[in-house]
Amino acid sequence: MKRRLFSATLLASAMALGTAAQAQTKWDLPAAYPATNFHSQNLVEFANDVDKATGGKLKITVHSNAALFKAPEIKRAVQGGQAQIGEILLVNYQNEWQMFGADGLPFLADSYDTSMKLYQAQKPLLEKKLAEQGMSLLYAVAWPPQGIYVKKPIASAADLKGVKWRAYSPATARIAELVGAQPVTVQAAELSQAMATGVVESYMSSGSTGFDTKTYEHIKNYYDTQAWLPKNAVIVNKKAFDALDKPTQDAVLKAAADAEVRGWNASKKVNVESLDKLKANGMTIHTPSAQLKADMQKVGETMLKEWLDKAGPEGQALMGAYRK
Ligand code: PCA
């Protein structure tokens, strides 16, 4: 009797210990964009949802604005387990694997509908690649469509010759080369300073990042080319995920699915709102001229050809799935 009581007590304390250990599961989530950005706000909501659904068992701390790792370092940090989870800009990793850059090709998918379609075509490939690297894809959300910020008004791509151009990815650097601009790679966290010091006179991005970085203080023209919608993806280290108990894993997956839906809706809303805010802050939002449109389309065609050459059979498969 005594003995049974003893083992029951042991069991109870072991369970309590187990719960205590679980309660201490803490994850760091490095992210590259400011806390006020819709992606970052969505990450915080995701973390809160996980916290609530697990009764505080899994605490995820979002470190926005590249405070923990710089944008291009986040993927490796998650792969190596320095961070259990993180948000990456997929197109940043195009040189590693061309599929990561599919959503950075100008005019391949240039609306929310086609971007979602491209995402669905990319998804099985992304999942496979990340699994090979010891990670999983939790969700992905598109940035608003990309347009051209430039100091002096432009009528065609020729007007971009020699202009100092900020790139955030291999593809945005390639665009600069194709139009004869001077590319310099600067991530969003350093963009305001690069504009203030005159290192950057133009760049392509969303109204969202234009507003986040107070671009209107330095650049007055935005050409609404709606050229592509790059995606942020939230990825998790597989060992860290596997170490969670089943209910906690389910809570993470459910919160991720909700965050994906919420994120795409937020992106659409921010797309409209941020262009209004840029205008309110003195920026002119231009519809690109027919010539500029045609020039950029040509850049897109060249880049798609180059991409297909490098991407091989996987690229063909992705395009097949996308165009189905
Ligand atoms: N903002 C990010 C990536 C795409 C976007 O809209 C940036 O400019 O760095």
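On the basis of being under 24 Å from residue 319 (Cα atoms), of a type outside the set (Gly, Ala, Ser) and modelled with pLDDT of 95 or more, does residue 232 make the cut? Criteria met by residue 232.
Filtering the range 151-176 to residues that are part of a strand (DSSP E or B) and either in contact with a helix residue (DSSP H, G or I) (Cβ under 7 Å, 6 or more places away or on another chain) or under 20 Å from residue 112 (Cβ atoms) (or both) leaves 165, 166, 167.
Scanning the range 23-39 for residues that are within 16 Å of the ligand (Cβ to nearest atom) and open to solvent by 10 Å² or more (accessible area, probe 1.4 Å) gives 33, 34, 35, 36, 38. Restricting attention to the range 72-88 and to residues that are open to solvent by 10 Å² or more (accessible area, probe 1.4 Å) and not in a loop (DSSP other than H, G, I, E, B), the residue that is nearest to the ligand (Cβ to nearest atom) turns out to be 72.
Scoring residue 117 on the criteria (1) more than 14 Å from the ligand (Cβ to nearest atom); (2) buried (at least 19 other Cβ atoms within 10 Å of the Cβ) leaves a single failure, condition (2).
Every listed requirement among (1) within 14 Å of the ligand (Cβ to nearest atom); (2) in contact (Cβ under 8 Å) with a residue 12 or more places away in the chain; (3) open to solvent by 40 Å² or more (accessible area, probe 1.4 Å) is met by residue 168 save one, (3). Listed conditions (1) within 16 Å of the ligand (Cβ to nearest atom); (2) open to solvent by 10 Å² or more (accessible area, probe 1.4 Å) are all met by residue 45, apart from (1).
Summed over the range 48-69, the residues that are within 16 Å of the ligand (Cβ to nearest atom) and out of contact with any strand residue (DSSP E or B) (no Cβ under 9 Å at 6 or more places or on another chain) give a count of 1.
Going through (1) under 19 Å from the mean Cα position of the chain (by Cα); (2) farther than 24 Å from residue 289 by Cβ one by one, residue 195 falls short only on (1). For the range 48-71, the condition holds for at least one residue, the condition being that it is out of contact with any helix residue (DSSP H, G or I) (no Cβ under 8 Å at 6 or more places or on another chain), touching a residue at least 24 places away in the same chain (Cβ under 8 Å) and either open to solvent by less than 40 Å² (accessible area, probe 1.4 Å) or not in a loop (DSSP other than H, G, I, E, B) (or both). Among residues that are more than 24 Å from residue 70 (Cβ to Cβ) and more than 14 Å from the ligand (Cβ to nearest atom), residue 201 is not included.
Would you be able to tell me the number of residues in the range 192-204 that are in a strand (DSSP E or B) and either surrounded by fewer than 23 Cβ atoms within 10 Å (Cβ to Cβ) or among the small types (Gly, Ala, Ser) (or both)?
The first filter runs over the range 192-204 and keeps only residues in a strand (DSSP E or B), leaving 202-204.
Now drop any that are not either surrounded by fewer than 23 Cβ atoms within 10 Å (Cβ to Cβ) or among the small types (Gly, Ala, Ser) (or both), which leaves 202.
Number satisfying all stated conditions: 1.
Listed by first and then second residue, the pairs with beta-carbon distance under 7 Å, at least 6 apart or on different chains, first residue in the range 204-230 and over 16 Å from residue 284 (Cα atoms) and more than 8 Å from the ligand (Cβ to nearest atom), second open to solvent by 10 Å² or more (accessible area, probe 1.4 Å) and of a type in the set (D, E, K, R), are 227/110; 228/110. For the range 178-191, check the following and say yes or no: at least one residue is open to solvent by less than 10 Å² (accessible area, probe 1.4 Å), within 12 Å of the ligand (Cβ to nearest atom) and in contact with a helix residue (DSSP H, G or I) (Cβ under 7 Å, 6 or more places away or on another chain). No - not one qualifying residue is present in the range 178-191.
The values are calculated or read from the model by the stated rules, or taken from the named source; none is laboratory data. All values derive from a computational prediction rather than experimental measurement. Neighbour counts run over all protein chains shown; Cβ positions are idealised from the backbone, glycine included. Accessible surface is based on the protein model in full, side chains and every heavy atom, while ligands, DNA and RNA are left aside. Shrake-Rupley method; radii C 1.70, N 1.55, O 1.52, S 1.80 Å.
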